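Inspection log for the structure reproduced underneath, given as C-alpha cells.
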Amino acid sequence: MAQQFVNSKIKADRVVVFIKPSCPYCRRTIELFKQLPIKQEFLEFVDITARSDTNEIQDYLLQLTGAKTVPRVFIGKDCIGGHSDLVALQRNGQLLQKLQQIGVLQ
C-alpha cells in the first residue's frame with residue numbers, strides 16, 4: 001500500500017516533496033520552493049503523517065532513495081535528496097535548470 005501510494009505521487013512532470021509538517025527542514029524546503037517560479041499545479045507537498053502507514057512510507061523511501069528522512073524531494077522521477085541537497089543545487093545553479101528540464105517553470 002505504501003509503495004503504491006509513493007509511486008502514484010512521483011511523476012515525470014512534477015515536483016513532489018514528502019514531508020512531515022513538524023519537521024523544520026521540511027518547512028524550509030517548502031519556503032524555498034515557494035520562492036521559485038514554479039507552476040503551482042506541478043508542485044505537491046505530501047504530508048506522510050496524514051496517513052496511517054507513515055513508517056511504511058519511510059521504509060519504502062529508504063528502499064527507493066537510500067534515505068528515509070524527510071523531506072524527500074523528487075524533481076520528475078529523480079530523487080535529489082533532502083533539504084541540504086536542494087540548497088546545494090540552488091547554490092550551484094542546477095535547481096532551476098532541473099526544473100526547466102521537466103517543464104514546471106512559469
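Annotations for the structure displayed:
- Diffusion coefficient, µm² s⁻¹, Stokes-Einstein with Kirkwood Rh over alpha-carbon pairs of the range 2-48 at 37 °C and 0.692 mPa s: 288
- Applying 1/(1 + (r/R0)^6) with r as the Cβ-Cβ distance of residue 13 and residue 55 and R0 = 30 angstrom yields a FRET efficiency of 0.55.
- Tensor-based shape of the chain (alpha-carbon gyration tensor, a/c under 1.5 rounded, otherwise prolate or oblate): prolate
- Along the range 74-88 the Karplus relation, 6.51 cos²θ - 1.76 cosθ + 1.60 evaluated at θ = phi - 60°, assigns HN-Hα couplings of 10, 10, x, 8, 9, 7, 8, x, x, 4, 5, 5, 4, 4, 4 Hz to successive residues, with x for each Gly and Pro.
- Positive-end extreme of charge dipole, the range 11-89 - chosen from 12, 32, 84 (charges on Cβ): 32
- For the pair the range 74-102 / the range 8-59, the C-alpha centres are spaced 14 Å from each other.
- In the chain, lysine pairs with alpha-carbon atoms under 22 angstrom apart (chain gap of 8 or more, or interchain): 21
- Under the criterion of Cα pairs below 8 Å and six or more residues apart, the relative contact order for the chain equals 36 percent.
- This model, with +1 at the C-beta of Lys and Arg and -1 at the C-beta of Asp and Glu, gives the range 28-80 a dipole about its Cα centre of some 180 debye.
- Between 46, 70, 17, the Gaussian network model of the chain with springs among Cα atoms under 10 angstrom shows the greatest mean-square fluctuation at 46.
- The charge dipole of the range 2-101, taken about the Cα centre with unit charges on the Cβ atoms of Lys, Arg (+1) and Asp, Glu (-1), comes to about 220 debye, rounded to the nearest 20.
Every number here is computed from the coordinates shown, using simple stated rules; none is lab data. All of these numbers come straight from a predicted model, not from anything done at the bench. So basically every Cβ, Gly included, is an ideal-geometry build from the backbone, and we count neighbours across all protein chains shown.
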